[in-house]
1. Would you list the helices (runs of 4 or more DSSP H) that sit entirely within region 109-190 and hold 1 or more residues that are within 11 Å of the ligand (Cβ to nearest atom)?
2. Please count how many residues of region 48-63 are over 17 Å from the mean Cα position of the chain (by Cα) and not acidic (D, E).
3. Could we say that A253 is out of contact with any helix residue (DSSP H, G or I) (no Cβ under 6 Å at 6 or more places or on another chain), modelled with pLDDT of 95 or more and closer than 22 Å to L121 by Cα here?
4. Which of the residues belonging to region 238-289 are assigned to a loop (DSSP other than H, G, I, E, B), hydrophobic (A, V, I, L, M, F, W, C), open to solvent by less than 40 Å² (accessible area, probe 1.4 Å) and out of contact with any Leu (no Cβ under 7 Å at 6 or more places or on another chain)?
5. Quick one: count up the residues across region 75-100 that are of a type in the set (A, V, I, L, M, F, W, C), touching a helix residue (DSSP H, G or I) at 6+ places or on another chain (Cβ under 8 Å) and open to solvent by 50 Å² or more (accessible area, probe 1.4 Å).
Amino acid sequence: MLSVITAIKDIKQCIKTLKKTQRTIGFVPTMGALHEGHLSLVRQARKENDKVVVSIFVNPLQFGKNEDLKQYPRTLDNDCKLLSHEGVDVVFHPDASEMYQDGFCTSVILERLEDKLCGKLRPGHFRGVAVIVLKLFNLIKPDIAYFGQKDFQQTVVIKRMVSDLHIDVTVKILPTIRDEDGLALSSRNAYLSETEKKDALCLFNALRKAQSLVNTGVENTEEIVQEMEKIITSCQSATIDYISIVNPETLEAEQKVHSGNVVTLAIRIGKTRLIDNIILFFIMAVLFM
Ligand code: AMP
């Protein structure tokens, strides 16, 4: 039976009870409007833990002044149906005044990571992400927490915070789930018109181009980014926030591609900002003599 908890005192009590019986807890933090991407994390958590907790919280601290906090899709009833079907035990769904009580003023700053890539264009975003994830970790006390590769910079920030602050949780990153055309699933895809959805395929096409250039031996990242830009700019409704090939831990831009580098981009399709990334790899040529 799925229980939906909204109060901090109740989630604390619930977790205390679970911990008493030494149950392992898998945790999936989300902002709701759930799709197969979220559910892939939930299914993995279900496989690997005695109990699964999912949070649904549209975190105001990670939205900028002119961003889509108000419009962000909220579909709690449907989300709970999906989660119940997946055998989730607890949904934690607090409101903003419960999570950020009067006088709240603590921040979590990740120097050198928070102001790169998306952080450059969304100042304060990753402080908001880090502080809510830390608060949720403190409340839920998970053994394993699950995040999607889709939000690449977020995964880097969370892994760094967990390591720097010695937080006792295993962080697992799972692959990006895409639709049959390659568009990464995202709650924000709901903003796209049918035409924009087709235009949005330029993100994955550009990422695929990067990998195919690497496959043919291109190592210069500037050259790869230029080819990607051509694909994006050939799509009328697309504007580029950034395209970058980076070290997967420091997020520093690379000049020459190394295996394991991440090619990451943020593109606006009309008014909707979409992000995507892939990990670049080198095909090993095996010669049979
Ligand atoms: P959100 O609700 O957008 O905050 O996402 C909650 C979690 O689901 C984050 O760890 C995301 O990275 C992950 N997620 C979102 N979209 C996808 C996707 N298409 N594939 C895999 N994970 C995803």
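The values are calculated or read from the model by the stated rules, or taken from the named source; none is laboratory data. Source: prediction; values computed, not measured. Here the Cβ is made from the backbone with ideal geometry for all residues, glycine too, and neighbour counts use every protein chain on show. Ligands, DNA and RNA are excluded from the accessible area calculation, which covers all protein heavy atoms including side chains. Shrake-Rupley method; radii C 1.70, N 1.55, O 1.52, S 1.80 Å.
1. The qualifying helices (runs of 4 or more DSSP H) are 125-140, 152-164.
2. Of the residues in that region, 4 qualify.
3. Yes: the conditions hold for A253.
4. L280
5. The number of residues fulfilling the criteria is 1.
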